[in-house]
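One structure is given here, and the rest of the page talks about it.
The values are calculated or read from the model by the stated rules, or taken from the named source; none is laboratory data. The structure presented is a predicted model; accordingly, all values stated were derived computationally and were not measured. Here the Cβ positions follow ideal geometry from the backbone for every residue, glycine too, while neighbour counts run over all protein chains shown. All accessible areas refer to the heavy atoms of the entire protein, side chains included, with ligands and DNA or RNA removed. Shrake-Rupley method; radii C 1.70, N 1.55, O 1.52, S 1.80 Å.
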Amino acid sequence: MSERPSTAPSDTAPSDRRTFVSKVSAAVIGGLITIAAPIAGLFPILDPLRRRGDTRGMVRVTAFAALPESGEPRKFPVLDTLVDAWNRTDNVPVGSVYIQRTGDDSVRVLHTTCPHLGCSVGYNAAGRGYFCPCHKSSFALDGTIADPKSPSPRGMDPLEAVVRDGEVWVKFQNFRKGSPERIAV
Ligand code: FES
């Protein structure tokens, strides 16, 4: 019958070392999390500064100088590059936008498609606003609904834009029609 050897001090040493290493690792990881969490929390705050002038995902639409200083909006086609597995096609018309100069280097960009059922919204210079001829929705210059009797369920769709080096860049996208919520499609 074999006797079980008694536990010698030298047998417990590796176990103690493992415990020590585990504790140190946990402390280091905990410390890193404690430091990293507040730094990560700063990114959303700093993001607008970080991204200022960032044109990723945007297309160049016009020169800023092409916009009247009076703040009158102008309509522009949006041309994009379409790429599939075999082809790359430049300057494909994908829609149009109204762009209005709102400051020395700032613009307001509105999708020209009516959020009601998708007709093309026109600009009414005399009324200083927009008007959809299909079902008579009217919109203010900032795109909000002007006439409460307008059937459009929401105002015109604003689009993200930046002015960089004298050029206006727009993040063009389409939205679901007939919905009070603005849902990108
Ligand atoms: S599509 Fe514009 S009001 Fe109906």
For this session: Return the long-range amide H neighbours of Val78 (sequence gap of 5 or more, or a different chain), with a cut-off of under 5 Å between placed amide H atoms.
Result: Val94, Gly95, Ser96, Val97
For this session: Name the long-range amide H neighbours of Val107: under 5 Å, sequence gap of 5 or more, or other chain; modelled H, no Pro or chain starts.
Result: Thr102
Problem set entry | Separation of the Ile183 and Ala126 label points, Cα + 7 Å toward Cβ, nm | 3.9 nm
Seminar exercise, completed: Ordered by number, the GluC sites (Glu not before Pro) in the stretch 98-185 that occupy a DSSP loop and have at most 16 other Cβ atoms within 10 Å are Glu160, Glu181
Problem set entry | Shape category assigned to the stretch 59-170 from the gyration tensor of Cα positions, a/c cut at 1.5 | oblate
Seminar exercise, completed: Calc'd 3J(HN,Hα), the stretch 87-101, phi into Karplus 6.51 cos²θ - 1.76 cosθ + 1.60 (θ = phi - 60°), Hz, glycine/Pro = x, comes to 10, 10, 10, 8, 6, 8, x, 10, x, 8, 9, 9, 10, 10, 6
Problem set entry | Reachable lysines, given that their alpha-carbon falls under 27 Å from the alpha-carbon of Lys149 and they are not under 8 places away in the same chain | Lys75, Lys136, Lys177
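What's the carbon and sulfur percent of the stretch 71-166's accessible surface, probe 1.4 angstrom, rounded to a whole number? Intermediate values should be presented prior to the final figure.
Working: 2610 of 5140 Å².
Carbon-and-sulfur percentage of accessible area, whole number: 51.
Only loop residues by DSSP count here, and only those with at most 11 other Cβ atoms within 10 Å; note down the chymotrypsin sites (Phe, Trp or Tyr not before Pro) in the stretch 64-120 that meet that. Working shown, then result.
Numbers: sites: Phe64, Trp86, Tyr98; in loops: Trp86.
Listed in order of number, the matching sites are Trp86.
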For this session: Using the Karplus curve 6.51 cos²θ - 1.76 cosθ + 1.60 with θ = phi - 60°, work out ³J(HN,Hα) for each residue of the stretch 167-184 in order, rounded to whole Hz, and write x for Gly and Pro.
Result: 10, 9, 10, 10, 8, 7, 7, 9, 10, 4, 8, x, 10, x, 8, 8, 10, 5
Exercise. When the Cα centres of the stretch 107-130 and the stretch 152-181 are compared, how far apart do they sit, in Å?
Worked result: 11 Å
